[in-house]
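Enquirer: Okay, here's the structure, questions in a sec.
The values are calculated or read from the model by the stated rules, or taken from the named source; none is laboratory data. Just so it is clear, the model here is predicted, and its values are computed rather than measured. When we count neighbours, we look across all protein chains shown, and the Cβ atoms used for this are built from the backbone with ideal geometry, even at glycine. Keep in mind that these areas ignore ligands, DNA and RNA; they rest on the heavy atoms of the full protein, side chains included. Shrake-Rupley method; radii C 1.70, N 1.55, O 1.52, S 1.80 Å.
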Amino acid sequence: VKENHRIYADVVGYDVEQLVLTEQVHSTNILRVGKKDTGEVFCPDRSIKETDGLVTDEPGVVLMTFFADCVPLMFYDTVKDAVGNAHSGWRGTVQRMGQKMVEKMQQEFGSCPENMIAVVGPSICQKCYEVSEEVITEFQNAFDKRYWDDLFYKKPDGHYQLDLWRANQIILEEAGVKKENICVSSLCTNCHPDLLFSHRFTKGKRGNLAAVIGLRE
């Protein structure tokens, strides 16, 4: 595991000891981190607990989150030179993780949403993401009715297909990020098991994908 992390970190131009990892629990807990938080990558009892989002403005601090169908959300403030990285599954999306990341960067760095670039990374697409009526009820409560046709549709068997990409795009736009500054990768983890790990495709027998962002020193 350590060697795999080291190889990946080297590919993006960083050393493994510069990494800061989340401990994801499908929350919207976000933590500002810095160099004091690096170097705990392989500690079994790391100090960062129950955290699904990280932000920093310190060069040389690399934020890493993990996925296997859920949505990676990455942010760069082009004026304040700050970055963010978040994990947003359906629970995080319903709780508007993208908006809370924008608000956290505003609070910590004085960021303006219109100066941010946001990325909705590779994750499961609507065609592949079947969910129950219980999940859809959560989205109906969280999103204005005018968006429902964009977000989901019901099938004859009573199940629904849900679009997490569109949901997160709506959240980011409503948080003030310009539409032209939001990049949706449109790469589905379940459609491309040859390239990406997917929890659904492997029925839980999978590895993890990592989303990595940092400021170079």
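Enquirer: With (1) within 19 Å of the chain's Cα centre (by Cα); (2) under 30 Å from Glu217 (Cα atoms) as the list, and Cys112 as the residue in question, which single condition is left unmet?
Expert: (1)
Enquirer: From the list Glu134, Glu130, Glu114, Glu138, which residue is in contact with a His (Cβ under 9 Å, 6 or more places away or on another chain) and of a type in the set (Asp, Glu)?
Expert: Selected residue: Glu130, the only one of Glu134, Glu130, Glu114, Glu138 that is in contact with a His (Cβ under 9 Å, 6 or more places away or on another chain) and of a type in the set (Asp, Glu).
Enquirer: Related question: Filter the stretch 140-164 down to residues that are buried (at least 19 other Cβ atoms within 10 Å of the Cβ) and of a type outside the set (D, E, K, R), then give me how many there are.
Expert: Within the stretch 140-164, residues that are buried (at least 19 other Cβ atoms within 10 Å of the Cβ) and of a type outside the set (D, E, K, R) number 6.
Enquirer: Considering each residue of the stretch 114-139, count those that are out of contact with any strand residue (DSSP E or B) (no Cβ under 9 Å at 6 or more places or on another chain) and either surrounded by 14 or more Cβ atoms within 10 Å (Cβ to Cβ) or of a type outside the set (S, T, N, Q) (or both), and give that number.
Expert: 3
Enquirer: How many of the residues making up the stretch 145-189 are in contact (Cβ under 8 Å) with a residue 60 or more places away in the chain and either under 14 Å from Thr93 (Cα atoms) or not charged (D, E, K, R) (or both)?
Expert: Total satisfying the criteria: 20.
Enquirer: Looking only at residues that are in contact with a strand residue (DSSP E or B) (Cβ under 6 Å, 6 or more places away or on another chain) and not aliphatic (A, V, I, L, M) in the stretch 101-112, which one is farthest from Leu63 (Cα to Cα)?
Expert: For the stretch 101-112, the residue satisfying everything is Ser111.
Enquirer: Is it the case that Arg91 is of a type outside the set (Asp, Glu), within 30 Å of Glu138 (Cα to Cα), open to solvent by 50 Å² or more (accessible area, probe 1.4 Å) and touching a residue at least 24 places away in the same chain (Cβ under 8 Å)?
Expert: Judged against the criteria, Arg91 is a match.
Enquirer: Can you list the strands (runs of 3 or more DSSP E) lying wholly within the stretch 13-74 that have 2 or more residues being open to solvent by 20 Å² or more (accessible area, probe 1.4 Å) and modelled with pLDDT of 80 or more?
Expert: The strands (runs of 3 or more DSSP E) meeting that bar are 30-32.
Enquirer: Same structure again: From the residues in the stretch 79-109 that are in contact with a helix residue (DSSP H, G or I) (Cβ under 6 Å, 6 or more places away or on another chain) and of a type in the set (Gly, Ala, Ser), which one is nearest to Gly53 (Cα to Cα)?
Expert: Filtering the stretch 79-109 for residues that are in contact with a helix residue (DSSP H, G or I) (Cβ under 6 Å, 6 or more places away or on another chain) and of a type in the set (Gly, Ala, Ser), the one nearest to Gly53 (Cα to Cα) comes out as Ala86.
Enquirer: Now for a different question. Report yes if Asp81 is of a type in the set (Asp, Glu) and either surrounded by fewer than 20 Cβ atoms within 10 Å (Cβ to Cβ) or modelled with pLDDT under 90 (or both), otherwise no.
Expert: yes
Enquirer: How many of the residues in the stretch 113-131 are without any contact (Cβ under 8 Å) to a residue 40 or more places away in the chain, within 28 Å of Gly60 (Cα to Cα) and outside any helix (DSSP H, G or I)?
Expert: Number satisfying all stated conditions: 0.
Enquirer: Examine the stretch 37-49 for a residue that is under 10 Å from the mean Cα position of the chain (by Cα) and within 19 Å of Val212 (Cβ to Cβ), and state whether such a residue exists.
Expert: Within the stretch 37-49, not a single residue is under 10 Å from the mean Cα position of the chain (by Cα) and within 19 Å of Val212 (Cβ to Cβ).
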